[in-house]
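See below for the structure under consideration.
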Amino acid sequence: MHAINYEIVAAEALGAARSGAVLLMAFIGGIGSFGGPILGAVVITWLQVSLSEWSTAWQLYLGLFFVIMVLFAPGGLTSLIQLHLPLIRARRLHRLLPSYLIAAVPALVMTMGAVFLLEINYRLATKPELGTRTTFASIPVDMASPWPWLMGLGILGVGLYGFRRSWPRVADAWTAVAEPTEPR
């Protein structure tokens, strides 16, 4: 398709990076359905554009997103959608959303701690010539001090603890929603 569109085939179009990106898109979207790779292409392209403007470590975040998808949703994003379709059809999804929101709060806290630690570590590893002082979300940070590291670990730990504690609530909500309704 590239050759037809541009009337030339360059080495970049056939390289390992392009092939890897296409495979990443397909697996994240889900290879079990027709729309999976399309959804994966949309999500990965959006993440590439938005993350590259925000962080120089954007490829690391894409890799972590891929690992999380493989571990927790091996069927891709479309499998998560297909999992929820029966609940949408039965008009039961609204009963599941409160537990999702409760789990989302500590998940966001955990993510903030992980992002903070990754960003300061990546900055130290790739740009040591800039020194140990930087800003993160407009907050001055001295990475030579143990306090930013301890704060990041604390935020990560609190988020992980809360997220782990929310799992039974989500499981109970799924059990309640998945039970067939009794005839009236």
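State whether one or more residues within segment 123-141 are open to solvent by less than 100 Å² (accessible area, probe 1.4 Å), assigned to a helix (DSSP H, G or I) and among the aromatic types (F, W, Y).
No - not one qualifying residue is present in segment 123-141.
If a residue must be under 15 Å from the mean Cα position of the chain (by Cα) and buried (at least 16 other Cβ atoms within 10 Å of the Cβ), how many such residues does segment 31-47 contain?
From segment 31-47, those under 15 Å from the mean Cα position of the chain (by Cα) are 39-47; that's our starting set.
Pick out the ones that are also buried (at least 16 other Cβ atoms within 10 Å of the Cβ) and you get 39-41, 43-44.
Residues flagged as under 15 Å from the mean Cα position of the chain (by Cα) and buried (at least 16 other Cβ atoms within 10 Å of the Cβ) within segment 31-47 amount to 5.
Can you name the number of the only condition in (1) hydrophobic (A, V, I, L, M, F, W, C); (2) open to solvent by 30 Å² or more (accessible area, probe 1.4 Å); (3) within 24 Å of N121 (Cβ to Cβ) that L23 fails?
Just one mismatch for L23, condition (3).
What number of residues in segment 1-37 are in a helix (DSSP H, G or I) and either in contact with a His (Cβ under 9 Å, 6 or more places away or on another chain) or of a type outside the set (A, V, I, L, M) (or both)? Even if it seems obvious, please write down each step before you answer.
Our first condition is that a residue be in a helix (DSSP H, G or I); within segment 1-37, this holds for 2-6, 11-14, 16-29, 35-37.
From what is left, the residues that are either in contact with a His (Cβ under 9 Å, 6 or more places away or on another chain) or of a type outside the set (A, V, I, L, M) (or both) are 2, 5-6, 12-14, 18-20, 27, 29, 35-37.
The qualifying residues number 14.
Evaluate the following for R165: is it touching a Ser or Thr at 6+ places or on another chain (Cβ under 6 Å) and either more than 16 Å from A114 (Cβ to Cβ) or among the charged types (D, E, K, R) (or both)? Walk me through how you get there before you give the answer.
Details: touching a Ser or Thr at 6+ places or on another chain (Cβ under 6 Å): no; either more than 16 Å from A114 (Cβ to Cβ) or among the charged types (D, E, K, R) (or both): yes.
No.
If you check G63, G76, G29, which single one turns out to be on the phi < 0 side of the Ramachandran plot and in contact with a helix residue (DSSP H, G or I) (Cβ under 7 Å, 6 or more places away or on another chain)?
Numbers: G63 fails: in contact with a helix residue (DSSP H, G or I) (Cβ under 7 Å, 6 or more places away or on another chain); G76 fails: on the phi < 0 side of the Ramachandran plot.
One residue alone meets the criteria, G29.
Restricting the search to segment 38-66, which residues are of a type in the set (V, I, T) and in a helix (DSSP H, G or I)?
Quick first cut of segment 38-66, residues of a type in the set (V, I, T) only: 38, 42-45, 49, 56.
Hits for segment 38-66 are I38, V42, V43, I44, T45, V49.
Could you list all residues from segment 87-122 that are open to solvent by 80 Å² or more (accessible area, probe 1.4 Å), under 17 Å from V170 (Cα atoms) and either in contact with a Ser or Thr (Cβ under 7 Å, 6 or more places away or on another chain) or touching a residue at least 40 places away in the same chain (Cβ under 8 Å) (or both)?
Across segment 87-122, the qualifying residues are R95, V105, L108.
Can you name the condition, by its number, that G75 falls short on among (1) open to solvent by 80 Å² or more (accessible area, probe 1.4 Å); (2) closer than 30 Å to E179 by Cβ?
With respect to (1) open to solvent by 80 Å² or more (accessible area, probe 1.4 Å); (2) closer than 30 Å to E179 by Cβ, G75 is out only on (1).
Report the residue count in segment 163-180 for those that are in a loop (DSSP other than H, G, I, E, B) and within 9 Å of L96 (Cα to Cα). Write out each step before concluding.
Taking segment 163-180 and keeping what is in a loop (DSSP other than H, G, I, E, B), we get 179-180.
If we keep only those that are within 9 Å of L96 (Cα to Cα) too, we end up with none.
Qualifying residue count for the region: 0.
The values are calculated or read from the model by the stated rules, or taken from the named source; none is laboratory data. If you're wondering where the values come from, they're calculated on a predicted model, not measured in any experiment. Every residue, glycine among them, receives a Cβ derived from its backbone with ideal geometry; neighbour counts consider all protein chains shown. SASA here: full protein model, heavy atoms, side chains in, ligands and nucleic acids out. Shrake-Rupley method; radii C 1.70, N 1.55, O 1.52, S 1.80 Å.
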